[in-house]
Amino acid sequence: MEDNLSQGAFFGSLKRNNDKIRDDRAKSIVEDAQLMYKRKVEDLSLLLKRLKRDQENMLDMSPTDANSLVLASDFDAQQYVDKDLEMAVKIRNLEIKLNVATKRYEYLFGEELNLI
């Protein structure tokens, strides 16, 4: 029975040395952090794509179908300009944040992050 005890995972875990314990903890921490960082960068990339798409969609002046157009009297130029500039600033800030996050990921985890 004593030989069976020395083969189990519990016994092996208790017998590990400090270097092995530190190595296991480090791997676990890095794995979690890398996964979360990668998700964050991917989320930023997706949000940036959506904002750019929304900004481009603002150029579509046919509200219901391809044959309809917004009447000149219904178009609020000031509102359009305000919204376009607001979106442009959000896009620019997000581009900066994405760039910084991507570079930090590559520095921290030593691998290139390929975003679609």
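Any residue in the stretch 28-49 that's without any contact (Cβ under 8 Å) to a residue 60 or more places away in the chain and over 13 Å from Glu111 (Cβ atoms): show its pairings with residues that are surrounded by 15 or more Cβ atoms within 10 Å (Cβ to Cβ) and among the hydrophobic types (A, V, I, L, M, F, W, C) at Cβ separation under 7 Å, as long as the two are six or more apart or on different chains.
Listed by first residue and then by second, the contacts come to Leu44/Leu94; Leu44/Leu98; Leu44/Ala101; Leu47/Leu94; Leu48/Ile91; Leu48/Leu94; Leu48/Leu98.
When the stretch 11-30 is examined, which residues are found to be of a type in the set (A, V, I, L, M, F, W, C) and at pLDDT 80 or above? If you could, list the steps in order and put the result at the bottom.
Taking the stretch 11-30 first, the residues of a type in the set (A, V, I, L, M, F, W, C) are 11, 14, 21, 26, 29-30.
Passing the criteria: Ile21, Ala26, Ile29, Val30.
For Ala33, which of the numbered conditions (1) more than 28 Å from Ile116 (Cβ to Cβ); (2) small (Gly, Ala, Ser); (3) modelled with pLDDT of 85 or more fails to hold?
Looking at each condition in turn, Ala33 falls short on (1).
Just a yes or no: is a residue in the stretch 50-58 in a helix (DSSP H, G or I), in contact (Cβ under 8 Å) with a residue 40 or more places away in the chain and in contact with a Ser or Thr (Cβ under 7 Å, 6 or more places away or on another chain)? Reasoning before the result, please.
Quick first cut of the stretch 50-58, residues in a helix (DSSP H, G or I) only: 50-57.
If we keep only those that are in contact (Cβ under 8 Å) with a residue 40 or more places away in the chain too, we end up with 51.
Restricting the remaining residues to those that are in contact with a Ser or Thr (Cβ under 7 Å, 6 or more places away or on another chain) gives none.
No, the stretch 50-58 contains no residue that is in a helix (DSSP H, G or I), in contact (Cβ under 8 Å) with a residue 40 or more places away in the chain and in contact with a Ser or Thr (Cβ under 7 Å, 6 or more places away or on another chain).
I'm checking my understanding of the structure. Among residues of the stretch 79-116 that are among the polar types (S, T, N, Q) and either more than 21 Å from Leu35 (Cα to Cα) or touching a helix residue (DSSP H, G or I) at 6+ places or on another chain (Cβ under 8 Å) (or both), which one is modelled with the lowest pLDDT?
Of everything passing the filter in the stretch 79-116, Gln79 is modelled with the lowest pLDDT.
The values are calculated or read from the model by the stated rules, or taken from the named source; none is laboratory data. Fair warning: this is a prediction, and the values are worked out from it, not measured in the lab. All Cβ positions, even for glycine, are placed from backbone atoms using ideal geometry, and neighbour counts span all protein chains on display.
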